[in-house]
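A quick write-up on the structure given underneath.
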Amino acid sequence: MASKSKKTDPLASLDRSALPRHVAVIMDGNGRWAKSKGWRRVRGHEEGAESVRVIVRSCRKLGIDALTLYAFSEENWARPKAEVEALMRLLGRFLKKERQEMLDQGIRLNAIGSIERLPKSTRKLLDQTMADTSQGKDMVLTLALSYGGRQELTQAARRLAADAAAGKLDPESIGEDALAARLYTAGLPEVDLMIRTSGELRVSNFLLWQIAYAEFYFTDTFFPDFREAELARAFQAYADRERRFGQTGDQLGVSG
Ligand code: FPP
């Protein structure tokens, strides 16, 4: 009897000790992916949501501690109303569909950005899912929604100023930790690897503070096609890099 050929798992050969702790993804190219096939842009977002599922599962399987996805930027509000509404519906569908999986896999859902700008029904679902998964200890999945890095830094500065004005904080004592503690990402590890799909070589106002020492991985692949094999390539590239944090290779006992 002809045996079914077994698909190889592209993630299986990765060295687990060389994986990033915190991965951030700028999920770009949904629209172009759909257009290249003569389809509506929304179809690209739908397939992109499928890539989100695959990436979340893969990262959890590999033991990644934190995954942060740029799902909707502050600037994205300027898109056609129908596309914004479709994205919000897609997010709602994702939350409903993935809730049980998140609970089963010990994934805690988190959100960063101006969440108050989201439609009420989306916000409610988001709050509920975050509350339901709040005991998840194995991975934190952060969705950046109505997010902007400058906006995040500005609100942190505002909070520092308010604390100083209230006499709770001596301005002279303000250091990096004080600012980091007032970012949306307080408590999350620093970003180790930032991935951007679709060939664009920009940061687009994503996690400006948090990527100070991140490694960057850019791929021409559109996000709807970014699945296990592509993720494995990104992680392998990360594992092959030498992170020096400003020190010399000799100091760190590595080559170069
Ligand atoms: C960028 O592609 C992508 C977005 C603005 C939205 C990202 C949303 C998803 C991946 C799906 C839903 C998310 C979740 C969490 C379920 P683009 O539209 O800018 O593509 P283009 O540059 O080719 O036009």
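The values are calculated or read from the model by the stated rules, or taken from the named source; none is laboratory data. Source: prediction; values computed, not measured. Don't worry about glycine lacking a Cβ; one is built from the backbone with ideal geometry, like all the others, and counts go over all protein chains shown. Remember, those area values only see protein heavy atoms, side chains included, never the ligands or the DNA or RNA. Shrake-Rupley method; radii C 1.70, N 1.55, O 1.52, S 1.80 Å.
For the range 30-154, which whole percent of the accessible surface, found with a 1.4 angstrom probe, sits on carbon and sulfur atoms?
On the way: 2890 of 5960 Å².
Roughly 48 percent, rounded to a whole number.
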Label the chain by shape, choosing from rounded, prolate and oblate, from the square roots a ≥ b ≥ c of the eigenvalues of the Cα gyration tensor; if a/c is under 1.5 it is rounded, and otherwise prolate applies when a/b is larger than b/c, oblate when it is not.
oblate
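Tally Lys and Arg at +1 and Asp and Glu at -1 over the other residues with C-beta under 10 Å from the C-beta of residue 57: what net charge comes out? It would help to have the intermediate numbers written out before the result.
Working: positive: 53, 60, 61; negative: 98, 101, 228.
Residues close to residue 57 contribute a combined charge of 0.
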Please build a GNM for the chain, connecting alpha carbons under 10 Å apart, and tell me which residue among 101, 230, 50 fluctuates the most.
101
Most fluctuating residue given options 185, 154, 219, as computed from a GNM of the chain linking Cα atoms under 10 Å:
154
14 Å beta-carbon shell around residue 133, net charge (K/R +1, D/E -1)
0
Please identify the DSSP H helices in the chain that span no less than 20 Å along the helix axis (Cα) and have a mean Kyte-Doolittle hydropathy of -1.0 or more.
41-62, 81-104, 149-165
Starting from the Cα of residue 176, step 7 Å along the direction of its Cβ; do the same at residue 220; then give the gap between the two resulting points in nm.
3.7 nm
Any idea of the accessible area per residue across the chain, 1.4 Å probe, to the nearest Å²?
54 Å²
Starting from the Cα of residue 135, step 7 Å toward the Cβ, then list every residue of the range 97-116 with an amide N under 17 Å from that point.
99-109
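Anything over 19 Å Cα to Cα? Flag those among 61/124; 37/97; 96/120; 35/96; 7/137, in the order listed. Don't skip to the end; give the middle numbers.
On the way: 61/124 29 Å; 37/97 27 Å; 96/120 16 Å; 35/96 28 Å; 7/137 31 Å.
Violating the 19 Å limit, Cα to Cα: 61/124; 37/97; 35/96; 7/137.
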Let me check the size of the range 1-91 from its C-alpha atoms; what are the radius of gyration and Dmax in Å?
16.9, 58
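Figure the gain on full extension for residue 213 and residue 36 (residue separation times 0.36 nm, minus the Cα-Cα span) and round it to one decimal in nm.
Values: separation 177, 0.36 × 177 = 63.72 nm, distance 3.50 nm.
Working it through step by step, the gained length comes to 60.2 nm.
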Mean residue ellipticity (222 nm) of the chain, computed from DSSP H runs ≥ 4 via -39,500 (n - 2.57), nearest 500:
-13000 deg cm²/dmol
Given the options 237, 142, 119, identify the residue whose Cα lies farthest towards the positive end of the charge dipole of the chain (+1 on Cβ of Lys, Arg; -1 on Cβ of Asp, Glu).
119
